Amino acid sequence: MRLRLSRNGLRAGLTASAALLMPLVAAAPGQAAPAGTAQAGTAASAAAAPGACPAAGTVTQGYSGSHDGVDIANAKGTPIYAVAAGEVINSGPAQGYGQWIRIRHGDGTVTEYGHMYHRDVTVGQRVAAGQRIALMGSEGDSTGVHLHLRVRTSTSTAVRGIDPVPYLRDRGVGLPCTPGSGGGGGGTSVTAWATANVRSCASTSCGVVSSVHANESYPANCWVKGQLVNAEGYSNDKWVQLPLRAGGVGYVSAIFLKGDETGGVSRPC
Ligand SMILES: [Zn+2]
């Protein structure tokens, strides 16, 4: 069933979901949910969110005592994808890497991508797992076109990276990998057609952590089954998980998103 409704129709027909459309000024993006209201959100964040394949290619060098990361080689211009949702904290020139991108994820880990010849993202930008962030190159200290992927447990660069292979495995991604399959798959974006609250779990009983605005697009991770939201004779129990700018994730009822009943997000969480 399609859930395309006119905005006026939705507004007039809102019943249980009226609270979702309340003014959003009270909650700053990324604000923590009130204690005790985020049971589903807590459950969802207990395990690592689904990840995504960083790039197609051949693993030419693994993690070792002398190599702080994993190398994936392919042709110049091969797309590089964020392995997990998060916020871009660096994007620009970097010693050794030529250029680098660093993404901080909701669990505090940081992924680093090096040697690319083109970057798609800027500092402060939120990205979804599987969102394209760069194109593979051979900039910096590099002898061939490849992605150097490094994973850190914090934003500090003083501590050596951890092995990306088990990190990716925990997120459902094995190397080598095919972008868009396995793990979190390719990144998705959703477009809201009404302003709505983003909550700490897939229910109106959970705290508001952010908001989406009409006709704006947002990176999305996956969908979950949550509270049934009724509007205009339609009902929808699908909620879409969005990465939050401040880290972590939030949920918005898919009834406020364009597309099919999961807002166009095919991947369950
Ligand atoms: Zn390397």
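Key figures
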quantity: Those residues of region 188-204 which are out of contact with any Cys (no Cβ under 7 Å at 6 or more places or on another chain) and either over 15 Å from LYS238 (Cα atoms) or assigned to a strand (DSSP E or B) (or both), in sequence order; calculated: THR188, SER189, VAL190, THR191, ALA192, TRP193, ALA194, THR195, ALA196, ASN197, VAL198
quantity: Unique residue being surrounded by fewer than 20 Cβ atoms within 10 Å (Cβ to Cβ), small (Gly, Ala, Ser) and touching a strand residue (DSSP E or B) at 6+ places or on another chain (Cβ under 6 Å) when the list is SER235, SER200, SER210, SER205; calculated: SER235
quantity: Checking GLU139 against (1) away from the ligand (no atom under 14 Å from the Cβ); (2) outside any strand (DSSP E or B), the condition it does not meet; calculated: (1)
quantity: Region 83-116: number of residues that are of a type in the set (Phe, Trp, Tyr) and part of a loop (DSSP other than H, G, I, E, B); calculated: 1
quantity: Counted residues, region 142-172 - those being in a loop (DSSP other than H, G, I, E, B) and more than 16 Å from the ligand (Cβ to nearest atom); calculated: 8
quantity: Of the criteria (1) among the charged types (D, E, K, R); (2) crowded, with 19+ Cβ neighbours inside 10 Å; (3) over 22 Å from GLY57 (Cα atoms); (4) in the same structural domain as ALA85 (by TED's automatic domain parsing), which one ARG150 fails; calculated: (3)
quantity: Tally, over region 114-141, of residues that are farther than 13 Å from CYS53 by Cα and either open to solvent by less than 20 Å² (accessible area, probe 1.4 Å) or small (Gly, Ala, Ser) (or both); calculated: 11
quantity: Failed criterion for HIS67 (all others in (1) away from the ligand (no atom under 16 Å from the Cβ); (2) surrounded by fewer than 18 Cβ atoms within 10 Å (Cβ to Cβ) hold); calculated: (1)
quantity: Pair list, Cβ < 6 Å and 6+ apart or interchain, from region 103-127 residues that are under 12 Å from GLY92 (Cα atoms) to residues that are among the acidic types (Asp, Glu); calculated: HIS115/GLU139; TYR117/GLU139
quantity: Residues of region 109-122 satisfying the condition of being closer than 17 Å to SER156 by Cα, away from the ligand (no atom under 16 Å from the Cβ) and either more than 15 Å from the chain's Cα centre (by Cα) or at pLDDT below 95 (or both); calculated: none
quantity: Criterion violated by THR78 - all others in (1) in contact (Cβ under 8 Å) with a residue 60 or more places away in the chain; (2) crowded, with 19+ Cβ neighbours inside 10 Å; (3) in contact with a Lys or Arg (Cβ under 7 Å, 6 or more places away or on another chain) satisfied; calculated: (3)
quantity: Enumeration of residues in region 70-92 that are within 13 Å of the ligand (Cβ to nearest atom) and either β-branched (Val, Ile, Thr) or in the same structural domain as CYS206 (by TED's automatic domain parsing) (or both); calculated: VAL70, ILE72
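The values are calculated or read from the model by the stated rules, or taken from the named source; none is laboratory data. Treat the numbers as computed from the prediction; the structure is a model and nothing was measured. Using ideal geometry, Cβ is built from the backbone for each residue, glycine included, and neighbour counts are taken over all protein chains shown. SASA here: full protein model, heavy atoms, side chains in, ligands and nucleic acids out. Shrake-Rupley method; radii C 1.70, N 1.55, O 1.52, S 1.80 Å.
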